[in-house]
Amino acid sequence: MYLTRSTFPKLLYDTLRNAGFDLEVWDNKGHGMWDRAAAPPRDVLRDAASRCDALVVTIGDRVDDYVLSNAKVKVIATYSVGYDHIDLDAATRRGIPVGYTPEVLVEAVADLAIGLIITLARRVIEGDRLVRSGEAYKVWGEFLGTEVWGKTLGILGLGNIGAAVARRAKAFNMNVIYWSRTRKPWIEVALGLRYVDLNELFRQSDYLVLTVALSKETYHIVNEERLRLMKNTSYLVNVARGAVVDTNALVKALKEGWIAGAALDVYEEEPIPNTHELIKLNNVILTPHIASATVETRNKMAEVTALNVINVLLKNTKPVYQAN
Ligand code: DGY
């Protein structure tokens, strides 16, 4: 079995070894596992797919028709909930099931989304910088943020993560509206949400959280035209995928004050280059793709990844969670 990173949680390697598998592991040599530079070259991956029973991959590994062109793998398991890096059609055509890790990371991602909303609203990062600068005495008592309580939260993409964000928002007395490709009346009823059309979502939200999966349909769904619909007091939070936002349009929106600020955990290019325009802006919070990054959640993701492989190779059944 081929694993594309040496820095997955230890539990993943241990579980697979205990199940009797021989592991071939690509050494990501000092690169964090979601840095594109951590991924094995495409020909290495293609060769592994042609020799091994299973590929364990993650974000940053492009598994497409070329990589699978000579494949003998019986299963591909990605250590992630997102699978936009895998060509599902190419895998399905070859009868290869693709396992992924939904559900186990829902609460961790929702926690971060709410954390970022509060961090933006109460200017926590600016406050920290101010205290360290020694200049805080000038505004001590007058450094104001804005409320979260009672405001309108928009959720773009109401999957499990979107619903978990909505549940939390209700505890903050927020008026929660959403747009999703498919309307979900049972969640509307259960959580007291209101469905609005996409442009209305941009118009009405005080905080707009992106929890939508990246696909051809959602690529740059947050574009210049829609950003211009937002209130100049509103905030955007992205815990989904960088490419659901047109980054150039967002930079413009932040510079020209179409919105008040943004918090981004994901980027069109990861890691974001330190020369990037976003890095120069003070009204944006930038975190390094940490939404699922808790010890507990990452271990659960490791467990599910291992079970996805074990189910196919040892139990002759489907992955616990199958994407295709
Ligand atoms: C994923 O797993 O796809 C998310 O980006 C974070 O865990």
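What follows draws every value from the coordinates through simple rules; no lab data is involved. It should be emphasised that the depicted structure is a prediction, and the values quoted were computed from it without experimental measurement. Don't worry about glycine lacking a Cβ; one is built from the backbone with ideal geometry, like all the others, and counts go over all protein chains shown.
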With a ≥ b ≥ c the root eigenvalues of the C-alpha gyration tensor of segment 23-103, is it rounded (a/c under 1.5), prolate (a/b larger than b/c) or oblate?
-> oblate
With no solvent term and unit scatterers on the alpha-carbon positions of segment 228-324, Debye gives log₁₀ I(q)/I(0) at q = 0.13, 0.16, 0.17, 0.22 Å⁻¹ of -0.60, -0.75, -0.79, -1.06
Between N223 and E142, what FRET efficiency comes out of the Förster formula 1/(1 + (r/R0)^6) with R0 = 45 Å and r the beta carbon distance, rounded to 0.05?
-> 0.75
Counting only backbone N atoms under 20 Å from a point 7 Å out along Cα-to-Cβ of R122, the residues of segment 197-221 in range are 206-209
For each of W258, W179, count neighbouring Cβ atoms within 10 Å of the residue's Cβ, then give the residues from fewest to most.
-> W258, W179
By a straight-distance test (C-alpha under 16 Å), which aspartates and glutamates pair with K300 as possible cross-link partners, with residues fewer than eight away in the same chain excluded?
-> D14, E103, E107
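Determine the gain in length on full extension of the stretch K10-R36; use 0.36 nm per residue of separation and subtract their C-alpha separation, reporting nm with one decimal.
Extra length available between K10 and R36 comes to 7.3 nm.
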Computed [θ] at 222 nm, helices only, for the chain once each DSSP H run of length n ≥ 4 contributes -39500 (n - 2.57) | -10000 deg cm²/dmol
Vicinal HN-Hα couplings computed from phi for segment 273-279 (Karplus, 6.51 cos²θ - 1.76 cosθ + 1.60; Hz; Gly/Pro x) | x, 6, 9, 5, 3, 4, 5
Nearest 20 debye, what's the magnitude of the dipole of the chain about its Cα centre given +1 on Lys and Arg Cβ and -1 on Asp and Glu Cβ?
-> 460
Taking the Cα-to-Cβ direction at R93 and at K216 and moving 7 Å from each Cα, how far apart do the two end points lie in nm?
-> 1.3
V75 long-range amide H proximity, modeled H, under 5 Å = L55
What's the Cα-based Rg to Rh of the chain, Rh via Kirkwood?
-> 1.00
May I ask which residue of Y219, L191, V237 lies farthest towards the positive end of the charge dipole of segment 153-274, with charges of +1 (Lys, Arg) and -1 (Asp, Glu) on Cβ and the Cα centre as origin?
-> L191
